[in-house]
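Asker: First, the structure itself, so that you have it in front of you.
Every number in this text was worked out from the coordinates using simple rules, so none of it is lab data. Everything numeric in this text was worked out from a predicted model, so none of it was measured. Because the Cβ atoms are built from the backbone with ideal geometry, glycine has one as well, and the counts that use them run over all protein chains shown.
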Amino acid sequence: MEHISKYFNAEKNESYLFILIGILAVGIGAYFLFKNINPFYKGIAYPIILIALIQITVGTTIVLRTSADIKNAEQYHIDKGKINEIEIPRMKKVMDSFSLYKKIEIALIIIGIAMFVFFKNKELLKGIGLGLVLQSIIMLTLDLFAEARGKKYIEELKSYSQLK
C-alpha cells in the first residue's frame, strides 16, 4: 500500500507548491497594483491576484484533507473491496475534474493571448491578457502533473485490488 502514501504525499507537496506560487503571485500582483502607475502592470495584477487566491485556497484545502485521505485509504489493505467501491470512483471524479480544469485553463490562455494581441493600444486590457496567460500556464502545468499522478494511482489501485 506504499502507492497510497506516495500518491497523497506527492499531492500534498504539489499543494504546498500551489500555496507558495499563490503567495508569491499575490505579492507580485500587489506590487504591480499599488507601486506602479502603468496600466499594463495593473492589468497583469488583476488576474495574477485572482488566480493566486484560487491557488492558495485549493492548495490549503488539499493540504488540510490529505492526512484524513491517507488514513481512509490505508483501510483498503484490510478491505480491498473498498478500493473498487470507494477510492476508484472518487478518483474517477477527480480525473473528470482535471478534464474540466484543462479546458478552462486552455480557454483562459487563448483569451489572454487574444487580449494581448488585439488590445495593442489598451495597456490595461493587454496586461490582463498577459496575466491570464501566465497564471493559466502555471495552473495547466501543475494540473497536468497532478492528472498524470492520478492516472498512475488509479492503475496501482486496480492492480492492488485484484491481488488475493
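Asker: Given a Förster distance of 22 Å, report the FRET efficiency between N36 and F119 from their Cβ-Cβ distance, rounded to the nearest 0.05.
Answerer: Numbers: r = 18 Å, r/R0 = 0.84.
Here the calculated transfer efficiency is 0.75.
Asker: I've got another one for you. Among F119, T141, I44, which residue has its Cα furthest toward the positive end of the charge dipole of the chain, with +1 on Lys/Arg Cβ and -1 on Asp/Glu Cβ?
Answerer: Checked the options; the winner is F119.
Asker: Excluding same-chain residues fewer than 8 positions from K103, which lysines have a Cα within less than 20 Å of its Cα?
Answerer: K92, K93, K151
Asker: Neighbouring Cβ atoms within 10 Å as the yardstick, rank H77, H3 fewest first.
Answerer: Numbers: H77 12, H3 15.
The most exposed by this proxy come first: H77, H3.
Asker: Looking at the chain from every direction and averaging, what is the projected area of its Cα convex hull in nm²? Before the final figure, lay out the partial values.
Answerer: Numbers: hull surface 37.9 nm².
So the mean shadow area of the Cα hull is 9.5 nm².
Asker: Next up: For the chain, what is the charge dipole size about the Cα centre, in debye to the nearest 20, if Lys and Arg each add +1 at the Cβ and Asp and Glu each add -1 at the Cβ?
Answerer: Numbers: 21 positive and 15 negative charges, 63 e Å.
For the chain, the charge dipole is close to 300 debye.
Asker: For K102, give me every one of the aspartates and glutamates with a C-alpha distance below 14 angstrom, ignoring sequence neighbours fewer than eight places off in its own chain.
Answerer: The qualifying aspartates and glutamates are D143, E147.
Asker: Would you kindly state how much longer the chain becomes between N13 and S159 on full extension, computed as 0.36 nm times their sequence separation minus their alpha carbon distance, in nm to one decimal?
Answerer: On the way: separation 146, 0.36 × 146 = 52.56 nm, distance 2.48 nm.
So the chain would gain 50.1 nm between N13 and S159.
Asker: In nm, to one decimal, how far is the modelled label at L24 from the one at T61, with both set 7 Å along Cα→Cβ?
Answerer: It is 2.3 nm.
Asker: What number, in percent, do you get for the relative contact order of the stretch 2-161 if the mean sequence gap of Cα pairs under 8 Å and at least 6 apart is divided by its residue count? Provide the component values of the computation, followed by the final result.
Answerer: On the way: 189 pairs, mean separation 50.3, N = 160.
Here the relative contact order equals 31 percent.
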